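Values quoted throughout were computed directly from the atomic coordinates according to the rules given, and no laboratory measurement underlies them. Everything numeric here is computed off the predicted structure, so don't read it as measured data. When we count neighbours, we look across all protein chains shown, and the Cβ atoms used for this are built from the backbone with ideal geometry, even at glycine.
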Amino acid sequence: QPDGPAAKAGLRGTQRDAAGNVIIGDVLVGIDDRRITSMRDLFDVLADYQLGDTVTVRVLRDDEILEFQVTLENIE
């Protein structure tokens with residue numbers, strides 16, 4: 001979501017350009033000290049946190065690992 005917690009923190013989502021080509025966004029690889037390799041990993045990690053917690057999110061962007069601080073929020 002354009003105004004969601006990830007976007008506020010500076011993460012980039014997957015998009016389409018004007019020609020309809022897919023532009024791959026950031027790929028989630030970790031939260032805090034835990035590695036994320038699947039959706040199950042993601043849900044298992046997030047289950048340990050509460051809304052309002054701030055986590056360090058690691059993403060792969062253009063062959064580089066970047067870290068962002070994200071505050072977990074409820075999105076609709």
The simple spin-label model distance between Ile75 and Gln50, using points 7 Å out along Cα→Cβ, in nm, is 2.3
What list of ³J(HN,Hα) couplings, whole Hz, do you get for the range 15-28 from phi and the Karplus terms 6.51, -1.76, 1.60, once you set θ to phi - 60° and write x for glycine and proline?
-> 9, 10, 7, 4, 8, x, 6, 7, 10, 5, x, 5, 10, 5
Considering amide H positions built from the backbone, and no H for Pro or chain starts, which residues 5 or more places from Gly30, or on another chain, come under 5 Å of its amide H?
-> Ile36, Arg58
Space enclosed by the convex hull of the alpha-carbon atoms of the range 5-71, per residue, Å³ | 99
Using the Cα centre as the reference, give the magnitude of the dipole from point charges on the C-beta atoms of the chain (Lys, Arg: +1; Asp, Glu: -1; all else neutral), rounded to the nearest 20 debye.
-> 180
Order the peptides 17-25, 52-60, 40-48 from the highest to the lowest mean number of other Cβ atoms within 10 Å of their residues.
-> 52-60, 40-48, 17-25
